[in-house]
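Notes follow the structure.
The values are calculated or read from the model by the stated rules, or taken from the named source; none is laboratory data. Only a predicted model underlies this, so the values are computations on that prediction, with no experimental measurement involved. Cβ atoms come from the backbone with ideal geometry, glycine included; neighbour counts cover every protein chain shown. With ligands, DNA and RNA removed, areas are computed over all heavy atoms of the protein, side chains included. Shrake-Rupley method; radii C 1.70, N 1.55, O 1.52, S 1.80 Å.
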Amino acid sequence: MALWAHAVRAYLLIAGMWVRSTMTYRASFVLMTIGNCVAGGLDFLAILLMFSHIDALGGFTLPEVALLYGATCTSFGLADLILGNAERVGQRVRDGTFDTLLVRPVPVLAQVAADRFALRRLGRTSQGLAVLGWGVASADVAWTPLKALFLLVTVVAGAAIFCAVFLAGAAFQFWASDASEVANSFTYGGVTLLQYPPTVFARDLVRGVTFVVPLAFVNWLPVLRLLGRDDPLHLPGWVSLCGPLVAVALLALTGLVWRAGLRSYRSTGS
Amino acid sequence: MRLYAAVAVSGFRRHATYRMATAAGVFTNTVFGFILAYTFIALWDERPHLGGYDRGQALTFVWVGQALLAAVSLLGGGFEQELQARIRNGDIAIDLYRPADLQLWWLAADLGRAAFQLLGRGVVPLTAGALCFELTLPRDPLRWLLFLCAVTLAVVIGFALRFLLALCAFWLLDGDGVIMIGQLLCVFFSGSLLPLTVFPGAFADVAQALPWSAVLQVPVDVLIGRYAGAGLAGALGFQAGWAAVLLALGRLTQGRATRKAVVQGG
């Protein structure tokens with residue numbers, strides 16, 4: 001427990017330092033935050049443009065897609081804020097600066113996660129929240145406190161699932177030092193995939209992101225439950241409630257992978 | 001001329017050394033190709049001939065877009081960060097007294113990079129797309145040759161745009177924000193999210209007149225055969241025109257920037 005508190009404190013300290021440092025170029029920070037917000041929003045703009053020609057995509061209306069989109073973007077934005085820079089591990093392994101992280105009396109994971117902490121990523125999170133808010137207000141759902149709580153838990157669990165994916169991607173860099181783009185196809189690819197209804201995709205792809213890389217728990221299964229729709233795989237109803245469990249299991253698993261990666265690390269010696 | 005050819009070759013070689021990164025990029029482009037292809041199928045099932053494309057052409061748009069993504073630096077990741085770093089830390093002074101032109105030097109290096117990315121990151125995703133989906137790819141070798149011309153012009157325009165953004169560092173010190181805005185404009189107005197012809201009304205016309213459309217929309221349209229005869233010449237002329245204008249602008253800015261450059265001693 002003390003170790004965890006130490007790690008979190010270290011994370012916050014390093015993150016705070018990076019926030020102060022980015023504030024030096026304030027104009028650039030503001031531009032980057034807006035840019036980050038717009039970058040996420042462009043995907044939704046594309047969806048809006050699509051819906052200017054159609055009434056439903058894969059059988060889903062615009063407010064329903066907004067709910068799917070908003071939930072996944074908020075989760076992804078949070079995970080990206082917390083752990084997004086872990087992908088820089090590969091670069092550090094390559095140029096030898098990873099060694100400096102190992103000799104400091106601070107958990108390596110906390111240092112890696114807070115490395116170049118970028119507050120501007122709140123731009124993406126807030127854009128996701130805005131779309132989610134609109135989706136909640138306009139989708140055809142009879143909201144109850146329980147459903148609202150379920151949505152909140154879903155967003156948090158989704159963020160945790162994306163964190164696990166980021167962590168797995170970072171651990172992978174110990175073995176393949178310049179392949180951070182493979183991780184991108186699961187993180188950025190994942191968030192792009194989940195923005196659209198599952199009915200759009202081939203059955204095997206949906207199966208893959210349910211059972212292999214369980215991204216479907218980020219938003220597809222829970223939001224389909226909220227909308228009162230069947231999931232395309234016809235899983236039993238309770239499965240869509242399992243997001244938090246999946247998140248915890250996935251975090252534990254990727255934590256082990258991270259440890260294994262860290263143990264296998266050999267310095268470049270430069 | 002021989003100097004710049006050598007620079008281009010070394011640009012090619014430099015990127016060819018990152019084999020794992022290239023393989024990873026191919027994987028990512030292919031994954032995104034699949035995701036986008038399915039969304040386009042859903043869209044074109046609802047509205048066949050949307051934007052003047054049939055389903056095969058729309059899918060070709062997706063996969064050619066993924067194949068060109070790295071070559072034309074749709075998402076950035078080219079030379080602009082490196083050039084800005086040199087401006088910020090003063091190394092630019094060394095570049096400026098070299099007996100080579102700054103703009104041509106970086107253009108040559110970028111052309112070399114693009115040539116590698118086209119081969120290294122373009123061929124495999126497009127092949128994967130052609131195997132898994134019904135694409136509208138031409139059999140006529142001449143069309144492929146014209147497509148290569150369009151891609152070359154697209155690379156030059158992409159370079160010229162990013163060169164302008166990079167030079168902003170002379171005035172701004174930290175140019176990351178400007179680069180990001182540039183990337184967003186490029187992603188949106190190049191047609192990489194949706195073909196520009198799908199944009200509503202007059203907005204579509206404006207978007208197609210902007211230089212970014214020459215980076216992706218025009219090369220893809222050349223490949224899938226939307227142009228013939230005079231139209232084809234017009235499309236390539238449109239690209240060449242923007243390339244000339246943007247390169248000239250870059251040259252003008254370079255002149256002003258270098259007169260302004262203050263090199264710190266020590």
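Between B:Leu232, B:Leu216, B:Leu96, the GNM of chain B built on Cα springs shorter than 10 angstrom shows B:Leu96 fluctuating the most. Over all orientations, the stretch B:83-125 has a Cα convex hull whose mean projected area works out to 3.6 square nanometres. Split the accessible area of chain A by element, probe 1.4 Å, and carbon with sulfur accounts for 68%. With all protein chains kept in place, the per residue accessible area of the stretch B:198-266 amounts to 48 square angstrom at a probe of 1.4 angstrom. Give me the percent of Cα-Cα pairs in the stretch B:151-195 that sit more than 13 Å apart, rounded to a whole number. Counting every Cα pair in the stretch B:151-195, those more than 13 Å apart make up 58 percent. Per the Debye calculation on the stretch B:44-176 with a single equal scatterer at every Cα and no solvent contribution, log₁₀ I(q)/I(0) for q = 0.20 Å⁻¹ amounts to -1.13. Computed in the context of the full set of protein chains, the accessible area of the stretch B:86-209 at 1.4 Å probe radius has 68% of its extent on carbon or sulfur. Using the Cβ-Cβ distance between A:Val106 and B:Thr17 with R0 set to 22 Å, the FRET efficiency works out to roughly 0.05.
Normalise the Cα radius of gyration of chain B by 2.2 N^0.38 Å (N = residues in it) and let me know the number. With N residues counted in chain B, Rg over 2.2 N^0.38 Å equals 1.04.
Within the stretch B:1-39, list the residues whose amide N lies under 15 Å from a label point set 7 Å along Cα→Cβ of A:Val213. Label zone hits: B:24-36. Which whole number in µm²/s is D for the protein assembly as shown by Stokes-Einstein, with the Kirkwood Rh taken over Cα pairs at 25 °C and 0.890 mPa s? Calculated translational D: 100 µm²/s. The alpha carbon radius of gyration of the stretch A:11-60, expressed as a multiple of 2.2 N^0.38 Å, is 1.84. Label sites at B:Leu142 and A:Leu42, each approximated as a point 7 angstrom past Cα along Cα to Cβ, lie 3.6 nm apart. Contact residues in the stretch B:176-209 (at least 20 Å² less accessible area with all protein chains than alone, 1.4 Å probe): B:Asp176, B:Gly177, B:Met180, B:Ile181, B:Leu184, B:Phe188, B:Leu193, B:Leu194, B:Val198, B:Pro200. The alpha-carbon atoms of the stretch A:125-270 define a convex hull whose volume equals 125 cubic angstrom per residue.
Mean per-residue shielding of peptide B:29-35 is 5, counting Cβ atoms of other chains within 10 Å of each Cβ.
Going from the isolated chain to the complete set of protein chains, the stretch A:52-72 loses at least 20 Å² of heavy-atom accessible area (1.4 Å probe) at A:His53, A:Ile54, A:Ala56, A:Leu57.
Helical content alone sets the calculated 222 nm signal of chain B at -23500 deg cm²/dmol, taking -39,500 (n - 2.57) per DSSP H segment of four or more residues and averaging over every residue. Shown here are the Rg and Dmax of the Cα trace of chain A, at 19.3, 61 Å. Applying 1/(1 + (r/R0)^6) with R0 = 35 Å to the Cβ-Cβ distance of A:Val248 and B:Gln81 gives a FRET efficiency near 0.35. The listed residues A:Trp175, A:Trp220, once ranked by accessible area (1.4 Å probe) with the largest placed first, stand as A:Trp175, A:Trp220.
Peptide A:197-205 is shielded by partner chain Cβ atoms: per residue, an average of 3 of them sit within 10 Å of its Cβ.
When A and B come together, around 3100 square angstrom of accessible surface is lost from both chains combined, probe 1.4 Å.
In chain A, the DSSP-assigned H stretches of four residues or longer account for a calculated mean residue ellipticity at 222 nm of -22500 deg cm²/dmol, using -39500 (n - 2.57) per stretch and the full residue count as denominator.
If you plug the beta carbon distance of B:Leu249 and B:Cys149 into 1/(1 + (r/R0)^6) with R0 = 25 Å, you get a FRET efficiency near 0.65.
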